[in-house]
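The values are calculated or read from the model by the stated rules, or taken from the named source; none is laboratory data. Everything quoted here is computed from the prediction, not taken from an experiment. Virtual Cβ from ideal backbone geometry, glycine too; neighbours counted across all protein chains shown. Remember, those area values only see protein heavy atoms, side chains included, never the ligands or the DNA or RNA. Shrake-Rupley method; radii C 1.70, N 1.55, O 1.52, S 1.80 Å.
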Amino acid sequence: MLEEKDLLKLQNGSDIRGVAMETEGGAPVTLPPAAVHRIAAAFVRFLAARTKTPVRDLTIAVGTDSRLTAQPLREEALSAILAEGAKALDCGMASTPAMFMALQFDETKADGSIMLTASHLPSDRNGMKFFTKEGGLEKSDITELLKSAAAEPPGYKKADAAARPCALITRYTRFLRDRIKSALPELGERPFEGMKILVDAGNGAGGFFASEVLEPLGADVTGSLYLEPDGHFPNHVPNPENAQAMEAIRQAVTNTHADLGLIFDTDVDRMGAVLPDGTAVSRNELIAMMAAILAPEHPGGVIVTDSVTSDELTEFLEKELHLKHHRFKRGYKNVINESIRLRKEGVDSPLAIETSGHGAMAENYFLDDGAYLAVKLLIATAKLRQQGKPLSSLIETLGRPAESREFRLHIEGTDDPQAVGAAALKQFEAAAKATGISAAEPSYEGVRLIFPEGWALLRMSLHDPEMPLNVEGKTPGSVARIAGQIEKFLENVQRLDLSPLQEN
């Protein structure tokens, strides 16, 4: 029987994730179909209360990525929605951004949606993301949802209706194609004619981008990788931050002399890109490129990023593009919400983007949509091509740190890792100050120290009992030297494992 404590353990920030399938030697199942049923039913009640709409008048859409557990969990979610008395749209395989757009398109006009996905996690995992017309749910909403699910008695209500099939990806890809054509009217119906563009979907849900967006617009997608959905993910992790995944698309681009390579995560809310020479456009480079694309229409605009972006990026945004760089917190919802907050205060903030590849634009509902980021890159590529310039020209003056590394310092032997983290941050800042090393201000997350050779940011993990330490250096060997100093700053902190700092 599922108890409240079991359901609450499924929370992963602003969404839900758990083990959904038994595997040999694997972890026990924590997200069985019964849990999905109860959580989906709770979402119906949550949405009715939030929108002050009778349940019978609500329409809720459900979609999945390519995971092996997609179909049974989708059936449970749809059954729960119908049993509560709402209408249900069965969107089949979709992307997370498309599931939000199901609330915007006139053809669907859903009141809420559920995406069954665990992003880039292993094949035995699955999860749930939720949307209202205002966007994704907040962390506090998920807690409320899970408590409501736990309060319901076990058992299934009988549904008297059936879900309505919905070809959401067909509608969504038309939306993306229309955006491209409207931005490139001089190039006609096939603006990418003569261009070779590769897609690596990692056997996730993103293969549609090659077949339903690029090909109809004239692009040659021959040589694209792993477009077929396969929940085993047999080739590589569908994750733009994964080194093996990026190497796969990098080699494909260089081997086929492609004009651009695009790589998506499983549910297509993140993206990475590769230039014709095999250079990966990710992390700071992706932020810089998207900002350069938006800068002409947003002079002086504020670009909100997470906390681990480089000083070189700040210099590029502010000195080259004449924008403002607002380093905020890790967590895509944190970054997006901060940009939304600024806009409500009258500040022009066109872009909220993490180094992970999560990027959201004001012009697109502040939806973190990897496919939409790809659309913006493609439009820029086509325009620059007309001028005889490469896409890389957008960031040719962007500096890069000589070295960068993330150390993950585990907190051990305590039920209160937050207390250990707080003590570590206090010691970190005090010890640095005693040696003449200053802390950057403001810092919205953890403590960021400025060294002569670079910088270091120590913070608490969003989800795990550990402290990530990001270090960037200006010269070869500087990261190791900074790490050595930090080890001395933290040597008196109890229960914090400093051994990663010795692995240089």
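Give me the net charge for the shell around L103: Cβ to Cβ below 10 angstrom, other residues only, Lys and Arg +1, Asp and Glu -1.
Around L103, the surrounding residues sum to 0.
Ordering D6, D368 by accessible area with a probe of 1.4 Å, largest first, what comes out?
Highest to lowest solvent-accessible surface, that is D6, D368.
Per 10 Å bin, what percent of the C-alpha pairs of segment 214-341 does each bin hold, from zero upward?
12, 35, 33, 20, 1
What nm value, rounded to one decimal, do you get for the distance between D277 and D57 when each label is placed 7 Å out toward the C-beta?
About 6.0 nm, to one decimal.
Find, among the chymotrypsin sites (Phe, Trp or Tyr not before Pro) in segment 383-485, those assigned to loop by DSSP (not H, G, I, E, B) with at most 16 other beta-carbon atoms within 10 angstrom.
Y444
Which entries in K133/K181; K52/K344; K129/K181; K181/K383; K333/K426 show an alpha-carbon gap greater than 20 Å?
From the list (K133/K181; K52/K344; K129/K181; K181/K383; K333/K426), the Cα-Cα distance tops 20 Å for K133/K181; K52/K344; K129/K181; K333/K426.
Rounded to a whole number, what is D in µm²/s for segment 49-90 from Stokes-Einstein with the Kirkwood radius over alpha-carbon pairs (37 °C, 0.692 mPa s)?
So the translational diffusion coefficient is about 298 µm²/s.
Give the ranking of R174, R38 by solvent-accessible surface, highest area first, calculated with a 1.4 Å probe.
R174, R38
Can you tell me the accessible area per residue over the chain, all protein chains present, probe 1.4 angstrom, in square angstrom?
Roughly 41 Å² per residue, with all protein chains present.
For Cα extents along the principal axes in Å, which listed value, (1) 80, 67, 41; (2) 71, 61, 50; (3) 86, 58, 38, comes from the coordinates shown?
Given (1) 80, 67, 41; (2) 71, 61, 50; (3) 86, 58, 38, the calculated one carries the label (2).
Work through the residues other than F451 whose Cβ is under 12 Å from its Cβ and net out their charges, Lys, Arg +1 and Asp, Glu -1.
0
Can you give the accessible area of L367 in Å² (nearest 10), computed on protein heavy atoms with a 1.4 Å probe?
My reading of the accessible area for L367 is about 10 Å².
Under the rule of -39500 (n - 2.57) per DSSP H run of 4 or more residues, summed and divided by the residues of the chain, what mean residue ellipticity at 222 nm is obtained, to the nearest 500 deg cm²/dmol?
-10000 deg cm²/dmol
So, taking all protein chains as they sit and a 1.4 Å probe, how much accessible area belongs to E144, in Å² rounded to tens?
About 100 Å², rounded to the nearest 10.
Quantify, in whole percent, the carbon and sulfur part of the accessible surface of the chain (1.4 Å probe; protein heavy atoms only).
49 percent
Multiply the residue gap between E193 and E4 by 0.36 nm, knock off their C-alpha separation, and tell me the result in nm, one decimal place.
Computed gain between E193 and E4 is 62.5 nm.
Can you tally the net charge around L116? Count Lys and Arg as +1, Asp and Glu as -1, for every other residue whose Cβ sits under 13 Å from the Cβ of L116.
That works out to -1.
Test of the criteria: in segment 82-127, which trypsin sites (Lys or Arg not before Pro) are in a DSSP loop and have at most 16 other Cβ atoms within 10 angstrom of their Cβ?
Qualifying residues, ordered by number: K109.
Which lysines does K158 reach when only Cα atoms under 19 Å apart count, and residues fewer than 8 places away in its own chain are ignored?
K158 reaches K87.
Identify all lysines with a Cα-Cα distance to K389 below 19 Å; exclude those on the same chain that are fewer than 8 residues away in sequence.
Leaving aside lysines fewer than 8 places away in the same chain, those within reach of K389 are K196, K376.
When DSSP beta bridges are limited to those with both residues in the chain, what percentage is antiparallel, rounded to the nearest 5?
Counting only bridges with both partners in the chain, antiparallel ones make up about 65 percent.
Expressed in whole Å with the largest first, what are the equivalent ellipsoid semi-axes of segment 335-476 derived from the C-alpha gyration tensor as the square root of 5 times each eigenvalue?
Over the Cα atoms of segment 335-476, the semi-axes work out to 35, 21, 15 Å.
Give me the Å³ per residue figure for the convex hull around the C-alpha atoms of segment 250-313.
122 Å³
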